[in-house]
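Okay, structure first, notes after.
The values are calculated or read from the model by the stated rules, or taken from the named source; none is laboratory data. Because the structure is a prediction, the values reported are computed rather than measured. All Cβ positions, glycine included, derive from the backbone under ideal geometry; neighbour counts span all protein chains shown. Each accessible area value is taken on the protein alone, full model and side chains, heavy atoms only, with ligands, DNA and RNA left out. Shrake-Rupley method; radii C 1.70, N 1.55, O 1.52, S 1.80 Å.
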Amino acid sequence: MKNSYLESRWCLDELAEIRNCLLRKQLDFVIPVFYKVKTSHVEKQTGDFGKPFPNLQKKHPRLRVLRWKKALKFVAETIGLSYRENSSIPELDFIKNIVEVVNGLLRRIALKDSKSMRNSEAGRSSP
């Protein structure tokens with residue numbers, strides 16, 4: 001998440017939908033990436049991250065804003081990857097870490113799908 005995230009109604013709607021999909025078990029996981037932003041600022045819409053939010057709130061229905069706030073709190077409480085401006089690791093290493101995490105999760109999904117496929121095939125071949 002970047003500071004400009006709260007300037008986009010579309011980004012916030014997508015985040016709310018991601019939260020709903022996770023709650024309905026339509027997604028297995030999400031990997032939040034907090035790029036040069038504190039998770040506490042995301043959760044509470046404060047700091048530089050939260051500055052554009054009051055203007056956005058004025059332009060949209062209260063229920064929609066509530067969905068956005070719930071989604072922001074949810075994602076901030078989810079274990080994710082954080083990179084701050086004064087981080088001790090180089091930005092490239094942070095990006096490589098994201099790739100490693102995603103690749104690891106994709107391998108787990110492929111393994112899960114492979115096992116599921118074998119089980120369904122075994123069930124069809126049984127008398």
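Just a few scattered comments:
- Over the chain, relative contact order from alpha-carbon pairs under 8 Å, at least 6 apart, %: 29 percent
- Scanning residues 5 or more positions from residue 81 or on other chains, those with amide H under 5 Å from its amide H are 33, 34, with H placed 1.01 Å from N in the peptide plane.
- Placing R0 at 30 angstrom, the Cβ-Cβ distance between residue 109 and residue 11 gives a FRET efficiency of 0.75 after rounding to 0.05.
- Solvent accessible area, Å² - residue 120, 1.4 Å probe, full protein context: 60 Å²
- The GNM of the chain, with springs linking C-alpha atoms under 10 angstrom apart, assigns the highest mean-square fluctuation among 47, 104, 80 to 104.
- Degrees between helix 91-125 axis and first principal axis of the chain (Cα, 0 to 90, nearest 10): 30 degrees
- Lysines with Cα under 30 Å of residue 73, excluding same-chain neighbours fewer than 8 positions away: 2, 25, 36, 38, 44, 51, 58, 59, 96, 112
- Accessible area per residue, Å², the chain with all protein chains present, probe 1.4 Å: 70 Å²
- Listed residues 64, 108, 19, most fluctuating in the chain (Gaussian network, C-alpha, under 10 Å): 108
- Using θ = phi - 60° and Karplus 6.51 cos²θ - 1.76 cosθ + 1.60, couplings along the stretch 65-70 (whole Hz; Gly, Pro as x): 4, 4, 4, 4, 4, 4
- In degrees, nearest ten, helix 9-23 long axis to first principal axis of the chain (Cα): 40 degrees
- Taking each residue as 0.36 nm, the span from residue 96 to residue 55 lengthens on full extension beyond its C-alpha to C-alpha distance by 11.2 nm.
- Carbon/sulfur fraction of accessible area - the chain, other protein chains in place, 1.4 Å, %: 54 percent
- Spin-label model, residue 117 to residue 21: label points 7 Å out along the Cα-to-beta-carbon direction sit 2.2 nm apart.
- Computed [θ] at 222 nm, deg cm²/dmol, the chain (DSSP H ≥ 4; -39,500 (n - 2.57); rounded to nearest 500): -20500 deg cm²/dmol
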